[in-house]
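Reviewing the structure listed below.
The values are calculated or read from the model by the stated rules, or taken from the named source; none is laboratory data. Computed from a prediction, not measured in an experiment: that's the story for all the values here. Virtual Cβ from ideal backbone geometry, glycine too; neighbours counted across all protein chains shown. Surface accessibility is based on the protein's heavy atoms, side chains included, excluding ligands, DNA and RNA. Shrake-Rupley method; radii C 1.70, N 1.55, O 1.52, S 1.80 Å.
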Amino acid sequence: GFGWVELTLLLTMYLLTGLGVTVGFHRLFAHKSFSTGPVMTTTLAVLGSMSAEGSLFNWVSYHRRHHQHSDKEGDPHSPHGHGHGLVGVVKGFWNAHAGWLLNRTQEGPGGYVPDLRRSRLLRTMSALFPLWVRLSLAIPTVVGGVVSLSWSGAFLGLLWGGLVRIALVHHVTWSVNSVCHLWGTRAFRSRDHSRNNPIVGVLALGEGWHNNHHAFP
């Protein structure tokens with residue numbers, strides 16, 4: 001159930017959607033680290049959405065809020081402030097990694113993305129989030145079926161290039177919130193507990209150099 005076709009689909013979809021998150025959602029839309037034209041803007045918005053981590057506006061909103069209140073009250077996913085000792089670390093890790101996503105009291109985009117809302121293109125990209133997620137599942141399914149000329153190949157494409165890939169991208173992204181605020185080195189002084197973690201750095205395509213990023217967003 002896992003051969004070269006499935007491996008290729010997994011790695012290709014992982015890299016494309018991972019770059020959509022780090023280059024698109026994070027650097028371009030959240031921090032405006034660079035500017036680009038409508039074709040590349042659309043491409044990065046679609047690839048980031050295909051990671052299934054939420055719509056463009058929601059993702060950027062929560063990330064900007066994280067920087068504003070990093071490791072303090074108001075941070076949507078800090079591992080700190082959840083008690084002392086091992087129990088506090090475990091509770092904090094779970095909150096930062098995935099628990100915060102289950103907190104229905106978290107506020108939505110609100111006023112964190114007024115600049116993005118002024119763009120008709122970005123409003124459309126964000127609103128079409130469910131379509132992009134479905135597309136991210138359909139592409140590996142079709143490719144797997146066509147290459148193998150079988151329904152089982154289509155299913156394996158959906159499984160590895162779609163569902164498993166989404167799970168991996170999610171846990172790697174969440175590790176930036178959890179692992180990189182608990183374990184690693186601090187090369188620069190920052191207002192929070194951000195850390196550089198080389199393992200997450202490789203898996204998250206550079207995002208694991210988190211202390212560097214919080215010191216120089």
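Restricted to the stretch 68-84, and to residues that are on the phi > 0 side of the Ramachandran plot and within 23 Å of the chain's Cα centre (by Cα), which residue is surrounded by the fewest Cβ atoms within 10 Å (Cβ to Cβ)?
Within the stretch 68-84, the first condition is being on the phi > 0 side of the Ramachandran plot, and the residues that meet it are 71, 74, 81, 83.
Still in the running and within 23 Å of the chain's Cα centre (by Cα): 71, 74.
Numbers: Asp71: 19, Gly74: 11.
In this case the residue turns out to be Gly74.
Restricting the first member to the stretch 186-205 and to residues that are under 22 Å from Gly24 (Cα atoms), and the second to residues that are open to solvent by 70 Å² or more (accessible area, probe 1.4 Å) and not in a loop (DSSP other than H, G, I, E, B), the beta-carbon pairs closer than 6 Å and six or more apart or on different chains are Asn196/Thr185; Asn196/Trp209; Gly201/Trp209.
For the subset of the stretch 85-105 comprising residues that are of a type in the set (S, T, N, Q) and under 19 Å from the mean Cα position of the chain (by Cα), which member is modelled with the lowest pLDDT? Can you show your working first?
As a first pass, look at the stretch 85-105 and keep what is of a type in the set (S, T, N, Q): 95, 103, 105.
Still in the list and also under 19 Å from the mean Cα position of the chain (by Cα): 95, 103.
Values: Asn95: 94, Asn103: 79.
If we take residues in the stretch 85-105 being of a type in the set (S, T, N, Q) and under 19 Å from the mean Cα position of the chain (by Cα), then Asn103 is modelled with the lowest pLDDT.
Give the number of residues within the stretch 43-55 that are among the aliphatic types (A, V, I, L, M), part of a helix (DSSP H, G or I) and open to solvent by 10 Å² or more (accessible area, probe 1.4 Å).
From the stretch 43-55, those among the aliphatic types (A, V, I, L, M) are 44-47, 50, 52; that's our starting set.
This time we only want the ones that are part of a helix (DSSP H, G or I), so: 44-47.
So of that shortlist, the ones also open to solvent by 10 Å² or more (accessible area, probe 1.4 Å) come out as 44, 46-47.
Count: 3.
Per the conditions (1) touching a Ser or Thr at 6+ places or on another chain (Cβ under 9 Å); (2) of a type in the set (D, E, K, R); (3) without any contact (Cβ under 8 Å) to a residue 12 or more places away in the chain, the sole criterion not satisfied by Asp71 is (3).
I want to confirm something. Restricting to the stretch 110-127 and keeping residues that are assigned to a helix (DSSP H, G or I) and open to solvent by less than 40 Å² (accessible area, probe 1.4 Å), which single residue is nearest to Gly54 (Cα to Cα)? Give the steps one after another, and end with the answer.
The first filter runs over the stretch 110-127 and keeps only residues assigned to a helix (DSSP H, G or I), leaving 114-117, 120-127.
Now narrow it down to the ones that are open to solvent by less than 40 Å² (accessible area, probe 1.4 Å): 115-116, 122, 125-126.
Values: Asp115: 18, Leu116: 15, Leu122: 14, Met125: 12, Ser126: 9 Å.
The residue in question is Ser126.
Here is a yes/no grid of residues against (1) in a helix (DSSP H, G or I); (2) among the aromatic types (Phe, Trp, Tyr); (3) open to solvent by 50 Å² or more (accessible area, probe 1.4 Å):
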| site | (1), (2), (3) |
| --- | --- |
| Phe2 | no, yes, yes |
| Gly20 | yes, no, no |
| His66 | yes, no, no |
| Leu86 | yes, no, yes |
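Restricting to the stretch 28-42, count the residues that are open to solvent by 60 Å² or more (accessible area, probe 1.4 Å), in contact with a helix residue (DSSP H, G or I) (Cβ under 9 Å, 6 or more places away or on another chain) and part of a helix (DSSP H, G or I). Of the residues in that region, 2 qualify. Taking every residue in the stretch 169-181 that is under 16 Å from Val89 (Cα atoms) and pairing it with any residue that is among the small types (Gly, Ala, Ser) and part of a helix (DSSP H, G or I), at least 6 positions away or on another chain, the pairs with Cβ-Cβ distances below 6 Å are Asn177/Ala96; Ser178/Ala96.
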